[in-house]
Structure formats: structure tokens, C-alpha cells
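A short write-up of the structure that comes next.
The values are calculated or read from the model by the stated rules, or taken from the named source; none is laboratory data. The structure presented is a predicted model; accordingly, all values stated were derived computationally and were not measured. All Cβ positions, even for glycine, are placed from backbone atoms using ideal geometry, and neighbour counts span all protein chains on display. All accessible areas refer to the heavy atoms of the entire protein, side chains included, with ligands and DNA or RNA removed. Shrake-Rupley method; radii C 1.70, N 1.55, O 1.52, S 1.80 Å.
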Amino acid sequence: PSTELTGGYRILSYLDPSEPKHAQLKQLMFFLLSSRRGHVIPEFHRSFTEMFEGLEKEVASKGKVGLNAANDQAAFNFLARSWFGVDPAGTKIGNDGPNLVGKWVVFNLHPLLVLGLPKGLEEALLHTFRLPAALVKKDYQRLYEFFYANSTEILDEAENLGLSREEACHNLLFATCFNSFGGMKIFFPNMIKWIGRGGAKLHAQLAREIRSVVKSNGGKVTMAGMEQMPLMKSVVYEALRIEPPVPAQYGRAKRDFVVESHDAVFEVKEGEMLFGFQPFATKDPKIFDRAEEFVPDRFTGENANELLSHVLWSNGPETESPTVNNKQCAGKDFVVLVSRLMVVELFLRYDSFDIEVGTSPLGASVTVTSLKRASF
């Protein structure tokens, strides 16, 4: 995407580890995650409790309600509250955050989007020329001002790392709105889709496991407690496996090398552009039994760790960790954590739920048709 969409800066996501700013910016993201870690679980509970209460009212009055818009607002509120200590509703941005981000993301991703328009029109409008960044400049500026005003401690750390406050803020905006909010916007409805299709039996198993562990931990949701929920953990990993939230990657070869599949060898030359489509790997039938099926307990067996090495949603194996020297997602563990929290909050509150599923340009469109409150 044009740097006009990101304040004139090349953002961390697009930097090679060999470039000097990569290590500084990734270190800043690690600082953000570690310095605010104590706020994640309580603010997630607060933001998504608000969402669930709203969904319940809508289902009670109208018989059904769309999940996606409510999820977007909850995700934006959660990220602002947990990472930056601010409630968007009390600032100039109000409840506009998700819509501002949504418009800006379209301008970043439009060459990849399929909106369902007549093919010729869609090719001409979205896939042939860059949309002019000027059309979202005011929206982006509102987001930038919101983050700049509420990131003092993080921007101070950026200066300690040798970064300008301006470049750091554009990166914070991108990491929050594109990477984190964008991931929750796509992945949460997709995950709810797969769990919803799993039916009442799966829902009952998850509810029993989650409530039992939380009860044994004094009624509190903790990271240590969630490690004691093997089925819940497996469900999250299986959702990341079967439908990775960012399925497409591009990269230019820095040297000649050879890449091998199960039954072929390919020579790659320096400078060639590579395109990777993750589901080719994460749904490889030679690795995963019933690869096209959502198997909730897939990652509870003895070979779970071996299978996890082939779950690549984070631009690297689930069994490896992001560092300043690689391109694995800086927020890899954060994404797994909040996805687990989503499942935990859902089944602490409900015995089961029913949904209808449609499509959208970014993931599934989910409509909730019933929510059965916890009975035990």
C-alpha cells in the first residue's frame, strides 16, 4: 500500500528485519504489550460484556442481531481501554473508530477484496488502480490525533529507542487498527461461526470445562487458568488452522534457495516475488487428518505440539516465537490470548447459541438468532 496511507512512513509490517527501524519498531510493540498486560483481561471482560448485553436485548426484541458491527465496536473499545487507558466514547472520536478504521483498511486492501459487484466493474474499480489516499485523509487524521493524544508513555519509550514520536504513532495506529483490530474483526466472527456449527454437544463440553476451571480458580479468569482448559485451547487453534485470518503473504527472495513440498522441489532465485496462501499448508491432508473439517479436539492429543508446528497463521509456526530478527507477528501470543478470552467469556455467560452465517468482504457475516443463558 502507498505510504500516503500511513503518514509517509513505511510501517513495521512491511519492513525487512535487515532494515534498522525494524528492530526498534518491533521492540516498541513488545513494550506496548508488556507494559499494559495487567489491563487486558479486565478490559476484555468489560468491553465484551457490554457487547453481549446489547446482543441479548436485540435478540429479545427482534429475534436476531448481527454480530459483526457489535464485535467491531467492542474490539475497538477493548484495544483503546487496555493498551492506551482511554475510553473512546469520552473523546472526540466517540463511537466512530470502527467506521474510520474500516474505510481506511479498504484503501489498504482493495486490490484483494471481492465485494460481489459485477466482475468487470470490480476489476476496474478495485483491482486495476490505486484508490486515492486523499479520500480517507481526514478519517486517518482523526485516528492519528486520537492515538497521539493517548500514547504519551509509549511515545516516550519510542524516543528512548531512537524513534521519532510521529513515526512511532503512525506505527501504533497501524498495529492497533490494521493488525489487532483488523484481526479481531475478521477472526472473532469466523471463530464463532465454527463453534456455532459445532452444535450443542460441543457447547456443553466447553461450558463445563471453562466453568469448572474458573470456579476452581476462585471465580477469576486468569492466564494460568486458561492453560488448564485443553478443549478451549484446541478450539482456538483449530479455528486459526482451518481459516487463518490473514491467508495471503508476499515476499521477495533475498537470495537463491530451494523450497520443498512433500513431493517436489522448487528453485527460487534472488529477487523473485513469492506468494504464499496459508491454507495450502494449514489444510494439508498429509499433515492433518480430515483437514477440511473443523475438529474441536484436534490439538488435545499426544501429537498436538507436532501438529501446532504446522499452524502458521502468525507468519510462522505456532510453536515458535516472534523476535526483533524475524517477521513473525509481534502480537502472536496476544491474539491467542484474546481469542481464548472470547471463548471463555462466551461460555461463562451462555450454555449454547444459534447463528446464521453469510459472507462479507472480510470473513464471515454472523447473525445471532438465540442466546441460551448459563444454567449451571
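Worth a mention:
- Residue among Gly120, Gly54, Gly331 with the largest mean-square fluctuation in a Gaussian network model of the chain, springs linking Cα atoms under 10 Å: Gly120
- Local net charge near Arg81, Cβ-Cβ under 12 Å (Lys/Arg +1, Asp/Glu -1): -1
- Computed from the Cβ-Cβ distance with R0 of 30 Å, the FRET efficiency linking Lys64 to Asp284 stands at 0.20.
- More than 19 Å apart - percent of Cα-Cα pairs taken over segment 95-202: 59
- For the chain, size of Cβ-based charge dipole, Lys and Arg +1, Asp and Glu -1, in debye: 880
- As a length-normalised measure over Cα pairs under 8 Å and 6 or more apart, the relative contact order of segment 3-373 settles at 22 percent.
- Selection of trypsin sites (Lys or Arg not before Pro), segment 282-369, meeting DSSP coil and at most 14 other Cβ within 10 Å: Lys286, Arg290
- Label zone of Glu293 (point 7 Å out along Cα→Cβ, amide N under 20 Å): in segment 227-267 this covers 231-244.
- Per-residue SASA entry for Asp297, accessible area with 1.4 Å probe, Å² rounded to 10: 80
- Gaussian network model of the chain, springs between alpha carbon atoms under 10 Å - residue of Leu100, Leu308, Leu121 with greatest fluctuation: Leu121
- 5 Å binning of all Cα-Cα separations within segment 35-77, expressed as whole percents from 0 upward: 5, 23, 26, 19, 13, 7, 4, 2, 0
- Å² of accessible area per residue within segment 3-373, as computed with a 1.4 Å probe and no ligands counted: 48
- Over 28 Å apart at the Cα level, from the set Lys215/Lys372; Lys21/Lys92; Lys26/Lys215; Lys193/Lys286; Lys185/Lys233, are Lys21/Lys92; Lys26/Lys215.
- Accessible-area composition of the chain, carbon plus sulfur, in percent [1.4 Å probe]: 54
- Per-residue [θ]222 nm for the chain (sum of -39500 (n - 2.57) over DSSP H runs n ≥ 4, rounded to 500): -16000 deg cm²/dmol
- Sites matching chymotrypsin sites (Phe, Trp or Tyr not before Pro) across segment 120-159 that sit in DSSP coil, with at most 11 neighbouring C-beta atoms within 10 Å: Phe129
- Solvent-accessible area of Asp289, all protein chains in place: 110 Å² (probe radius 1.4 Å, heavy atoms, ligands and nucleic acids excluded).
- Solvent-accessible area of Glu272, all protein chains in place: 80 Å² (probe radius 1.4 Å, heavy atoms, ligands and nucleic acids excluded).
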